[in-house]
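Participant: Pasting a structure here, questions to come.
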Amino acid sequence: MKPAGLPRVAVSSHGAARLRAGEPWVWRSDVTPPRAAGAETDADLVAVVDPRGKPLGTAFFAPDSPIPLRVWGPGVTPYTDEELRRRLRDAHDRRRATAAAAAAYRVAHAEADGLPGLIVDRYADALVVQTLCAAMDRREAAVVAALRDLFAPRLVVLRNDGAARDFEGLPRRKGVVHGAGPTRVTYAEGEVRFTVDLLEDAKTGGFLDQRENHLRTRRYAHGTGLDAFTYHGGFALHLARGCEHVLALDESAPAIERARANAADNGLTHVECRVANAFDALRELEGQGTRYDVVVLDPPALAKRRGPLTAAERGYRELNLRGLRLLRPGGVLVTCSCSAQMTPTRFEGVLVEAAGLAGRPVQVLERRGAAADHPVLLGVPATEYLKCWILRAL
Ligand SMILES: C[S@@+](CC[C@H](N)C(=O)[O-])C[C@H]1O[C@@H](n2cnc3c(N)ncnc32)[C@H](O)[C@@H]1O
């Protein structure tokens, strides 16, 4: 179908090739000219064409964004609130297979669920929404209305206060947009209960992308454990179900306070929660001769969105070297990276170097990613941002 009726925005042949390969974004450098025809209109839905004028689909358009085009659909796909609701319902239906038993999980994972710039997380009876591009931002009311119809939630919280908003040039804001009552919610993750404040805590409250890795780590829990970037005790509390002692570190005092409260709520008195810089603490523990049977490393993204990776690779190498040195023979290292730029191949390269420096043979037990309710788009490496390798140091 001809993309009649919508303003047309042309992309470079590179941009066109990326779109044809399944990439749902076009970066500004691939929009030709950078402030293209559509910029003359107020339209935030445009027809994308290749350099020869061939239609490539319909996209949300934000001329000043680093990512001006985000694909909404093939051919001419008009935006309607009904279509938005249908996509949300379909995304949730897919969670019956990927998050069936979970009380807290990702309902909608943006582009990977056909919902450009929209993230919805569920925590028991509450939902948290993030709109990460201007066009979805403008449709916030429609998103909330659809979520109310589909889920009848007690609460819908808007968490548009992350760095992704700065990247898009959108103002930061947050608040309760539907319902009332406490924004603090308790939910079960397997055998462990976590409490999060949906309005105040990091991200949308918890690191839901690590849910399956938390549960999996339980299988390796034995002896003593160290969770060096624990946040609310995500890995530490699962480890504590099988370890005799767990040390949980985080440089954030509020995070450690919550980890402590979560440990107490679960009756896990053998979890020691300490405010500390993990890089320093790992060095000190090594110096003191302390050794562990399981070490978990889940640092914040050490690599920026774009730019050279060298410093980040050095950081990951150093961290993993220290983690390996802290392991008793046969000990297990659960090591993560949530930097999209750090591809699985590069991450593995860094781990190979760290193992070499540690001078220890290392078995790969598992190469894992984000929980299945954070789907990866084939051909779009950035959606494979979370790596969680489980290794055994001999
Ligand atoms: C990716 S989150 C960890 C998520 C957690 N492992 C979970 O599964 O819920 C990274 C955490 O590292 C903490 N952090 C950042 N820099 C740190 C540092 N240098 N030392 C210790 N903690 C740090 C942050 O406060 C944040 O809680």
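Participant: Find, among the chymotrypsin sites (Phe, Trp or Tyr not before Pro) in segment 47-97, those assigned to loop by DSSP (not H, G, I, E, B) with at most 16 other beta-carbon atoms within 10 angstrom. Display every interim value, and only then the final one.
Facilitator: Details: sites: F60, F61, W72, Y79; in loops: Y79.
Those that pass, being in a loop and sparsely packed, are Y79.
Participant: Please give the contour-minus-distance gain from H245 to Y79: 0.36 nm per residue of separation, less the Cα-Cα distance, rounded to one decimal in nm.
Facilitator: Contour length minus Cα-Cα distance gives 54.4 nm.
Participant: With label points built 7 Å along Cα→Cβ from the Cα atoms of H14 and K203, find their separation and express it in nm.
Facilitator: Result: 3.2 nm between the two label points.
Participant: Please turn the phi angles of segment 310-320 into ³J(HN,Hα) values with the Karplus equation 6.51 cos²θ - 1.76 cosθ + 1.60 (θ = phi - 60°), one per residue in order, whole Hz, x for glycine and proline.
Facilitator: Computed from phi, the couplings for segment 310-320 are 3, 5, 5, 4, 4, x, 5, 5, 4, 4, 6 Hz.
Participant: Exactly which trypsin sites (Lys or Arg not before Pro) in segment 169-213 are in a DSSP loop and have at most 15 other Cβ atoms within 10 Å?
Facilitator: Values: sites: R172, R173, K174, R184, R193, K203, R211; in loops: R172, K203.
Here the sparse-neighbourhood loop sites are R172.
Participant: Right, next: Can you give the convex hull volume per residue for the Cα atoms of segment 64-199, as a whole number of Å³? It would help to have the intermediate numbers written out before the result.
Facilitator: Working: hull volume 15.0 nm³, N = 136.
Spread over its residues, the Cα hull of segment 64-199 gives 111 Å³ apiece.
Participant: Just the number, please: Stokes-Einstein D of segment 45-104 in µm²/s, Kirkwood Rh from C-alpha pairs, 10 °C, 1.306 mPa s.
Facilitator: 116
Participant: Still on this structure, please answer the following. For the chain, what is the charge dipole size about the Cα centre, in debye to the nearest 20, if Lys and Arg each add +1 at the Cβ and Asp and Glu each add -1 at the Cβ?
Facilitator: Details: 54 positive and 48 negative charges, 143 e Å.
Dipole magnitude for the chain comes out near 680 debye.
Participant: Go ahead and run the numbers for FRET between A180 and A264, Cβ-Cβ distance against an R0 of 25 Å, rounding to 0.05.
Facilitator: 0.35
Participant: What aspartates and glutamates sit close enough to K174 to cross-link, taking a C-alpha to C-alpha distance under 17 Å and skipping anything fewer than 8 places away on the same chain?
Facilitator: D121, D137, E140, D161, D166, D197, E200, D201
Participant: In nanometres, what is the gap between the two model label sites at F279 and R96, each 7 Å from Cα along Cα-to-Cβ?
Facilitator: 4.8
Participant: Please report the spacing between the Cα centers of segment 335-385 and segment 279-300 in Å, no decimals.
Facilitator: Cα centroid of segment 335-385 versus Cα centroid of segment 279-300: 20 Å apart.
Participant: Below 8 Å between Cα atoms, with a sequence gap of 6+, how large is the relative contact order for the chain in percent?
Facilitator: 11
Participant: Equivalent-ellipsoid semi-axes (√(5λ), Cα gyration tensor) for segment 279-394, whole Å, largest first?
Facilitator: Computed over segment 279-394, the values are 25, 16, 12 Å.
Participant: Starting from 0 in steps of 10 Å, tell me what percent of the Cα-Cα pairs of segment 1-153 lands in each bin.
Facilitator: 11, 40, 29, 15, 4
Participant: On C-alpha positions alone, give me the angle between the axis of helix 140-151 and the longest principal axis of the chain, in degrees, nearest 10.
Facilitator: So the helix axis and the longest Cα principal axis differ by about 60 degrees.
Participant: Next up: Based on DSSP loop calls and a cut-off of at most 16 other Cβ atoms within 10 Å, the longest stretch of the chain free of exposed GluC sites (Glu not before Pro) is what?
Facilitator: It works out to 1-190.
Participant: Step by step: find N for segment 131-252, compute 2.2 N^0.38 Å, then divide the Cα radius of gyration by it. What's the final number?
Facilitator: 1.28
Participant: Taking the Cα atoms of the chain, what is the range of coordinates along each of the three principal axes, in descending order and whole Å?
Facilitator: 69, 48, 34
Participant: Here's something else I'd like to know. Counting other C-beta atoms within 10 Å, and keeping those with at most 11, which DSSP coil trypsin sites (Lys or Arg not before Pro) do you find in segment 265-312? Spell out each step's value before the answer.
Facilitator: Working: sites: R274, R283, R291, K304, R305, R306; in loops: R291, K304, R305, R306.
Answer in residue order: R306.
Participant: Once amide H atoms are placed 1.01 Å from N in the peptide plane, what residues at a sequence separation of 5 or more from L118, or on another chain, have their amide H within under 5 Å of its amide H?
Facilitator: Long-range HN contacts for L118: A110, E111, L132.
Participant: Using each residue's phi in segment 51-65, evaluate 6.51 cos²θ - 1.76 cosθ + 1.60 at θ = phi - 60° and report the 3J(HN,Hα) Karplus result to the nearest Hz, with x for Gly and Pro.
Facilitator: 3J(HN,Hα) across segment 51-65, in whole Hz: x, 9, x, 6, x, 10, x, 10, 9, 5, 10, 9, x, 8, 7.
Participant: Out of every Cα-Cα pair in segment 126-188, what percent are more than 14 Å apart?
Facilitator: Tail of P(r) above 14 Å: 57 percent of Cα pairs.
Participant: So, one more: How large is log10 of I(q)/I(0) for segment 113-158 at q = 0.15, 0.20, 0.22, 0.28 Å⁻¹ when the intensity is taken from the Debye formula with one equal scatterer per alpha-carbon?
Facilitator: With one equal scatterer per Cα and no solvent, log10 I(q)/I(0) is -0.33, -0.59, -0.71, -1.08.
Participant: While we're on this one: Give me Rg/Rg_expected for segment 329-378, where Rg uses Cα atoms only and Rg_expected = 2.2 N^0.38 Å with N residues.
Facilitator: Computed over Cα atoms of segment 329-378, the ratio equals 1.31.
Values in this text are rule-based calculations from the coordinates and carry no lab data. Model, not experiment: these values are computed from the prediction. Here the Cβ is made from the backbone with ideal geometry for all residues, glycine too, and neighbour counts use every protein chain on show.
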